[in-house]
Every structure is written in C-alpha cells, then in structure tokens.
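Every number here is computed from the coordinates shown, using simple stated rules; none is lab data. In this text, all values refer to a predicted model and were calculated from it rather than measured experimentally. Note that we place each Cβ from the backbone using ideal geometry, even for glycine, and neighbour counts take in every protein chain shown.
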Amino acid sequence: MNMLASIPGVLDAAVLAQASAPAPMAQSQLAHYMFISAALFAIGLIGFLTRRNLIIMFLCTELMFQAAGVALIAFSRFHMNMTGQTFVIFILTVAAAEAAMALALVVLLFRRRESLNAEEFSEMKG
C-alpha cells in the first residue's frame, strides 16, 4: 500500500472504482426477475405446445431462450458473479444459429407443401 500511496492519483482511482461498484441485488428484486423469467418461459411453452404454425413455434422457442437468459443475468447480478452473463452470450449464439436453421427449414418445407401447419409435416415420417 505504501508503494501505491507514493504514486499520485492511484488511490483516488481505486477509491472511485470501489465507489462506482454496483450494490448487491436484494432478494425481492431477484424474485421479481424470476417471476418475469418464469412468465416469459410459460408463455413460450404454452405457445409452442398450442400453436401449429412453424414460425410461431420457433418464435416461442426464442422466447424461452430469452427467459433463460433473463434468469441467468438476474442470478449473475444477485451473486455478483459474471459467469451468468457469459452463459447468456452462448445462449444468444445458439439462439441465432437455431433461428437461421429454423428459417431455412421453414422455407424448404413451405416450398414443398405450401403450408406452415406443423400437422401436415407429420406425413413426412420415413
């Protein structure tokens, strides 16, 4: 600490860095984020199970991915650990790849059957 004290401005920067650090999240705030995450996931799951349009089904899976991301970020902030935010980057990458593949599949299936109803594609079983 004596070495750092001899360098002008170092202690000031350290004090400012600690002063601007975010405060830990309260459990009530975490509960609110978990409620939002659970609601988004439930809406996505219900939409996926009840709709037969392929585009709507893929949008519902994206909604479930985003709900998992909200939960990871909330827990990451609650525990003041950034690993949850790192996992969200991976979730977004997987979601982008899934969306690209889903769009290609939807275009291919629409060209064959000229419909996006998922029940019509059950006949394609081998």
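Some notes on this structure:
- Cα-based shape type of region 45-120, given that a ≥ b ≥ c are square roots of the gyration tensor eigenvalues and the cut on a/c is 1.5: oblate
- Highest average packing first - 65-78, 37-50, 99-112, Cβ atoms within 10 Å: 65-78, 37-50, 99-112
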